Amino acid sequence: MDGYVFQTARLTLREMEREDFQDLAEMLLDPEVMYAYEHAFSEREVWEWLERQQTRYRRDGFGLWALELRETGEMVGQAGLTWQPCEGETVLEIGYLLKRKHWHRGYAREAAAGCRDYAFTRLGAQRVHSIIKADNTPSIRVARAIGMEPEKEFLATYYSGPKRQILYGLDRKAFFLDGQGNNW
């Protein structure tokens with residue numbers, strides 16, 4: 001499989017390609033899906049997003065990947081790992097975004113857990129994070145479900161001004177001591 005990264009019970013994660021534009025646009029142009037970003041993207045911004053992921057694959061060896069159903073190959077979203085700035089430092093963040101029609105099926109949790117495991121076992125990361133708007137309850141549930149705990153709150157500026165964010169994190173050592181780190 002070209003661009004294959006890993007699989008979970010129901011999902012395949014692979015590098016995104018130019019042919020994924022329409023699927024990516026279905027998410028990034030949807031104001032409901034993009035509420036945490038405080039704006040839906042333009043088509044130009046979707047292309048820039050796709051190109052940014054492809055640059056990350058080459059530079060970092062990872063980025064946000066296409067999230068496909070193993071059974072059908074349908075792209076249901078994106079999930080992956082990116083370096084993100086957070087109050088003067090750079091953190092390894094697990095991120096995920098799903099097409100609205102695929103919400104509430106556990107795909108975000110499954111993909112985020114797979115990304116966590118990938119970061120710890122394949123990349124040797126010592127810590128993973130998620131930066132989540134304080135009012136994004138579904139993402140907070142996903143972070144907690146994969147073992148993350150809140151570390152600090154801070155303000156980040158968005159289109160409508162400063163918004164409260166919570167940095168969630170999980171340490172590799174704690175993950176393995178809890179006996180969770182044997183999925184690979």
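Among R116, R127, R122, R58, which is closer than 19 Å to I140 by Cβ and more than 13 Å from the chain's Cα centre (by Cα)? Before the answer, list the steps.
Values: R116 fails: more than 13 Å from the chain's Cα centre (by Cα); R122 fails: closer than 19 Å to I140 by Cβ; R58 fails: closer than 19 Å to I140 by Cβ.
The unique qualifying residue is R127.
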Hits in the range 27-49 (condition: over 15 Å from Y96 (Cβ atoms) and in a helix (DSSP H, G or I)): E43, R44, E45, V46, W47, E48
Residues satisfying the stated conditions in the range 125-140, i.e. surrounded by fewer than 14 Cβ atoms within 10 Å (Cβ to Cβ) and closer than 18 Å to L81 by Cα: Q126
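Would you tally the residues in the range 168-178 being part of a strand (DSSP E or B) and either more than 19 Å from the chain's Cα centre (by Cα) or among the acidic types (D, E) (or both)? Can you show your working first?
Just the residues of the range 168-178 that are part of a strand (DSSP E or B), to begin with: 168-171.
Next, only the ones that are either more than 19 Å from the chain's Cα centre (by Cα) or among the acidic types (D, E) (or both) stay: 171.
Looking only at that region, the number is 1.
How many residues are over 22 Å from S139 (Cβ atoms) and surrounded by 14 or more Cβ atoms within 10 Å (Cβ to Cβ) when one looks only at the range 13-49? It would help to see each step written out before you state the result.
At the first step, the residues of the range 13-49 found to be over 22 Å from S139 (Cβ atoms) are 14-15, 17-22, 42-44, 47-48.
Remaining after also requiring surrounded by 14 or more Cβ atoms within 10 Å (Cβ to Cβ): 14-15, 20-21, 47.
Counting residues in the range 13-49 that are over 22 Å from S139 (Cβ atoms) and surrounded by 14 or more Cβ atoms within 10 Å (Cβ to Cβ) gives 5.
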Residue in the range 6-25 that is modelled with pLDDT of 95 or more, over 14 Å from the mean Cα position of the chain (by Cα) and closer than 28 Å to G161 by Cβ present: yes
Any chance M148 is at pLDDT 95 or above, under 19 Å from V33 (Cα atoms) and either in contact with a strand residue (DSSP E or B) (Cβ under 6 Å, 6 or more places away or on another chain) or among the hydrophobic types (A, V, I, L, M, F, W, C) (or both): no
First in the range 53-65 and more than 18 Å from V128 (Cβ to Cβ), second anywhere and of a type in the set (D, E, K, R) and in a loop (DSSP other than H, G, I, E, B), Cβ under 6 Å, 6 or more apart: Y57/E15
Matching residues in the range 116-167 - criterion: being in contact (Cβ under 8 Å) with a residue 60 or more places away in the chain, outside any helix (DSSP H, G or I) and within 18 Å of W65 (Cβ to Cβ): R122, L123
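Just checking, does the range 152-163 include any residue being at pLDDT below 95, touching a Gly at 6+ places or on another chain (Cβ under 6 Å) and not hydroxyl-bearing (S, T, Y)?
So in the range 152-163, the residues at pLDDT below 95 come out as 154-163.
Then drop every residue that is not touching a Gly at 6+ places or on another chain (Cβ under 6 Å), which leaves none.
No; the residues of the range 152-163 include none that is at pLDDT below 95, touching a Gly at 6+ places or on another chain (Cβ under 6 Å) and not hydroxyl-bearing (S, T, Y).
The values are calculated or read from the model by the stated rules, or taken from the named source; none is laboratory data. Keep in mind that this is a model prediction, so the values were computed, not measured. Heads up, the Cβs are rebuilt from the backbone with ideal geometry, glycines too, and the neighbour counts pull from every protein chain shown.
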